[in-house]
């Protein structure tokens with residue numbers, strides 16, 4: 001592998017070793033580059049660039065020679081190393097970097113209402129207590145898909161149908177009564193004649 005300082009976050013490229021290099025190969029590459037770019041050996045106008053390269057080489061060797069840090073670097077890159085070094089090694093347990101941790105973390109995150117742990121810490125409480133994070137993730141009220149709206153619409157249709165039926169019945173009874181009155185009047189007129 002060719003050695004390059006273009007991307008200092010690619011530590012294997014900085015040392016010029018393959019990803020599957022053993023500890024001895026990493027140590028040899030580090031010693032060779034450290035001698036080449038050591039600030040005491042390079043006096044002159046380029047001293048600052050040699051100093052920067054020497055620091056990058058030291059960082060790469062420090063991470064790749066430590067088995068734990070190398071494992072973290074291989075899995076998560078420089079962000080994982082920065083997270084690991086940002087915390088005290090005792091305060092951040094090893095299981096944080098295991099493959100199973102991420103799905104478990106997100107599952108607990110979702111089931112606990114974004115770690116609010118309202119009531120008992122479940123989505124049921126989140127839906128009833130704070131309306132899915134105070135309404136932010138609440139389901140949209142669309143009558144087209146909402147069964148409650150369908151029930152209300154059916155109730156309104158039933159009431160309207162009952163009103164129509166009762167109006168029709170009352171109209172029919174009123175018509176019958178008027179017809180009977182007309183018949184009585186007609187019969188009384190014919191009787192009078």
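Any read-out appearing in this document is the output of simple, stated calculations on the displayed coordinates, not a laboratory observation. Note that the structure is a prediction, hence the values are computed from the model and not measured. Ideal geometry is used to build each Cβ from the backbone, glycine not excepted, and the neighbour counts take in all protein chains shown.
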(request) Could you line up 105, 54 from fewest to most neighbouring Cβ atoms inside 10 Å? (result) 105, 54
(message) With 10 angstrom as the radius, rank 108, 56 by how many other C-beta atoms surround their C-beta, starting from the fewest.
(response) 108, 56
(message) Counting other beta carbons within 10 Å of each residue's own, what order do 84, 100 fall into, fewest first?
(response) 100, 84
(request) Report the calculated FRET efficiency for residue 105 and residue 85 (r = Cβ-Cβ distance, R0 = 30 Å), to the nearest 0.05. (result) 0.90
